[in-house]
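One structure is given here, and the rest of the page talks about it.
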Amino acid sequence: MDRKKIYITREVPLMQVDLLRQHFDVEINPMDRTLTKEELIEKVKGKDALITQLANKIDKEVLDNADNLKVISNFAVGYNNIDIEEATKRGIQVTNTPGVLSDTTAELAWALMFAVTRRVAEGDGYVRNNKWNSFDPNLLLGQDVTGKTLGVIGAGRIGKAFAKKSLGFDMKILYHNRNRDEEFEKEYGAIYVDKETLLKEADFISLHVPLTDETKHSIGRDEFKMMKNTAIIINTSRGPVIDEKALVEALKEGQIWGAGLDVFENEPKIEEELRSMNNVVMTPHVGSASNETRTKMARLVVDNVLAVLNGNRAITPVNQI
Ligand code: GLV
């Protein structure tokens, strides 16, 4: 019997490909870049499994060429890069990597929070560029975090992990989510509020929602106007949740104090003006990028493929097929 075929769209050095090779034929994109749509369409033909990354857009056109595909195992918790409805119609199981990256992503959100509040990137540049000549009581004054109000938009695994880490900073936690989570409220003293109240009252607003039609541009001009002019926004979710042009405007006009961004509306492109803004700290979509977490993600991706191709239930399925 022919061995089943797996295609990996970009090499992940931590991935245990050998586990797959024991039973299946595995092909890996040998290039150190994301495949083009045309290449993806060619490669998906005849494959039983596809291991994808966020930069691979698996839309209807790609799926129309997936003549034998059983599973798409996405190396990410978010799966907005995949047309789930079209995959489901074709009986293709989509899987993701929830749980294993929540703390790591929450930690990056905190790293950005501190980097913005205490102007860490500016300070680093100051020292590196030999501008520092004596202690200066007016140098790089930032904002305290302790005792302030945190606003968490999206209280799923990552949003809650982020909020929980604030306990040592004696913060008031406001959250907004599709559903209330009474356990979260009881355990961490989180207070459920409507979006407008959160935007008006929070000192720091951190976004943890998935990208959907509903959340796209859910933080735009009107929302920035509601925020305090000392507010800081942190985004480690998906870039398009923020209207990036409106963000630039809000920062320029002093409607908010700063931003910490790991994700952007048109990655890897960014609004050019962001590059010259000192009150913005940016990282290149590395929320889950720790050795430990990427190893766990890689293992989960492989285990999901093994489960489905061996006729078992996926470990972390996204869709019901
Ligand atoms: C990263 O952005 C992820 O969704 O895992």
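For the reader, a short list of remarks on this structure follows.
- Residue count, the range 117-168 (criterion: closer than 27 Å to Y188 by Cα and either free of Cβ contacts under 8 Å to residues at least 24 places away in the same chain or not assigned by TED's automatic domain parsing to the domain that holds S218 (or both)): 3
- For the range 227-247, filtered to residues that are under 11 Å from the mean Cα position of the chain (by Cα) and among the polar types (S, T, N, Q), the residue that is farthest from the ligand (Cβ to nearest atom) is N235.
- Listed by first and then second residue, the pairs with beta-carbon distance under 6 Å, at least 6 apart or on different chains, first residue in the range 33-59 and β-branched (V, I, T), second open to solvent by 50 Å² or more (accessible area, probe 1.4 Å), are T34/A55.
- Pairs where the first residue, in the range 227-238, is assigned by TED's automatic domain parsing to the domain that holds L108 and touching a residue at least 60 places away in the same chain (Cβ under 8 Å) and the second is hydroxyl-bearing (S, T, Y) and within 11 Å of the ligand (Cβ to nearest atom), C-beta under 8 Å, 6+ apart: T236/T105
- Note on the range 80-99: among residues that are touching an Asp or Glu at 6+ places or on another chain (Cβ under 9 Å) and aliphatic (A, V, I, L, M), the one that is farthest from R313 (Cα to Cα) is I82.
- Output for the range 270-285, where each listed residue is within 13 Å of the ligand (Cβ to nearest atom) and open to solvent by 50 Å² or more (accessible area, probe 1.4 Å): P284, H285
- Top-ranked residue of the range 248-269 - restricted to ones that are touching a residue at least 60 places away in the same chain (Cβ under 8 Å) and open to solvent by less than 10 Å² (accessible area, probe 1.4 Å), ranked as farthest from the ligand (Cβ to nearest atom): G258
The values are calculated or read from the model by the stated rules, or taken from the named source; none is laboratory data. All values reported here derive from a predicted model rather than from experimental measurement. No Cβ is skipped: glycine too gets one built from the backbone with ideal geometry, and neighbour counts run over all protein chains shown. Only protein heavy atoms, including side chains, enter the accessible area calculation; ligands, DNA and RNA are left aside. Shrake-Rupley method; radii C 1.70, N 1.55, O 1.52, S 1.80 Å.
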